[in-house]
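Working notes for the structure below.
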Amino acid sequence: MKKIIFNASMPRSGSELLQVLLHQNPKIYGSATSPLLEYQYAARNNIELAEVKSQDPVLMQHAFISMCAGMAQAYYAPITNRPIVCDKNRGWTHYREWVEQWNPNSKMICMVRDLRATVASMEKIHRQTRHLPNNVDNPATLQNMTVAQRAQHWLTSQPIGLALLRTLDSFQRNEAKHILFVRYEDLCAEPQKTMDSIYEYIGEGKFVHDFVNIKKEVEEDDSHFGPYGRHKVEGPLRPAGRDYIDILGKELCAAIRKEYEWFFEAFNY
C-alpha cells in the first residue's frame, strides 16, 4: 500500500518545483497535476442516488470512504512502483476533513508566495502571451484593461482568488495547524534546509537533493492548461525574484498588502 501525501500549493508558488524535487528521491513519486480529487468529487456527487439512499446510511458512508481510499491506491497502482506518492491538486486543503476520513493522519503541504510576486508572475505571463487570443483583457467590455484591473481580476477569480479563499478558510476552520505551509522564497534561499523540514513533517528520512540539475521527469502537456498553467521546471535553483514593484508599481503593491493583510501576517511577509 502506498503512502500518499498531498501538495495543495497556491498557484505560481513553486508547486511544480516541489514535485520535481520530491521526485528526485527514488522513494517518492511527484505527480503531475492530478485528477484524483476530481474523480472522488464526482463520486461524492452521486451520494444522493436512489441506489445509495435505499440502503443503510451508516453502511453506505463507510462504503464510500472505503472506496475513496481504494480509489487513491488503485489510481496510482499502474502509474508508479514508488512506495510514496505526493499528489498535487490545489483543492486538497479545502477537503482536508474528508481526506482525513480515508487517509488518517494525512500530510498536506502548501507552498505560498508573497502575494504581490504571485500577481506579478501572472502579469508577466500576460505580457509574454499578447499574441494569444485567450488573454484576460477584453476591449469590447473594457474589462481587465489595466494592470490594476488585471490584478483585481486574478485576486478575485480562479486560480489565485479561489486559492486565497481556501487558504483563509483553512485558518478559520482551524485546519491550517495540520498543514505544512512552505514559503517559496525559503525553498529558493535555503533549499536543503527547507526540504529537510518537509521530510520531518511527512515522517521520512532526509534526502540530499540536487538543486543544480533540476529536471522534470513526470510528463505533462501544458497546452491543456492555457498560458497561465505552465509547469516547466529546470535548474539550477535561484533565489526568488522580487521584481513585483517594477511590474505592478508601488501603489498597487501597497494596495494588495493592505487588502490581504491576513495573508501577509499569516506567512510573515
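What follows draws every value from the coordinates through simple rules; no lab data is involved. These numbers were taken from a predicted model, which means no experiment stands behind them. Glycine also receives a Cβ, built like all others from the backbone with ideal geometry; neighbour counts cover every protein chain displayed.
Its residue count N sets the reference 2.2 N^0.38 Å, and the alpha-carbon radius of gyration of the chain equals 1.07 times that reference.
Packing-based ranking of 9-22, 128-141 yields 9-22, 128-141, ordered from highest to lowest mean Cβ neighbour count within 10 Å.
For the stretch 151-167, the Karplus equation 6.51 cos²θ - 1.76 cosθ + 1.60, evaluated at θ = phi - 60°, returns couplings of 4, 4, 4, 5, 6, 10, 9, 7, x, 5, x, 5, 5, 4, 5, 5, 5 Hz by residue, with Gly and Pro reported as x. Straightening the chain between ARG238 and ARG127 buys 37.7 nm, computed as 0.36 nm per residue apart minus the Cα-Cα spacing. Other residues whose C-beta falls under 11 angstrom from the C-beta of LYS206 contribute a net charge of -2, scoring Lys and Arg +1 and Asp and Glu -1.
Under 5 Å from the amide H of MET111 lie the amide H atoms of ALA8, SER9, MET10, VAL182, each residue being 5 or more positions distant or on a separate chain, with H modelled from the backbone and absent for Pro and chain starts. Return one number: the angle in degrees, 0 to 90 and rounded to the nearest 10, between the long axis of the Cα atoms of helix 57-76 and the longest principal axis of the Cα atoms of the chain. Between the helix axis and the principal axis of the chain, the angle is about 60 degrees.
Sum up the charges of everything whose Cβ sits under 15 Å from the Cβ of VAL85, counting Lys and Arg as +1 and Asp and Glu as -1, but leave VAL85 out. It works out to a net charge of +3. Report, to the nearest 10°, how far helix 15-24 tilts away from the longest principal axis of the Cα atoms in the chain, using its own Cα long axis and a range of 0 to 90°. Tilt of helix 15-24: around 60 degrees. In the chain, the longest principal axis of the Cα atoms and the axis of helix 191-202 are about 30 degrees apart. Short-range pairs are left out: with C-alpha atoms under 8 Å and at least six residues apart, the relative contact order of the chain is 27 percent. Full extension of the chain between ASP246 and ASN134 yields a length gain of 37.8 nm, computed as 0.36 nm times the residue separation minus the alpha carbon distance. Cross-link partners of LYS2 among lysines, defined as those whose alpha carbon lies under 25 angstrom from its own and excluding same-chain residues fewer than eight positions apart: LYS27, LYS88, LYS107, LYS177, LYS206, LYS215, LYS216.
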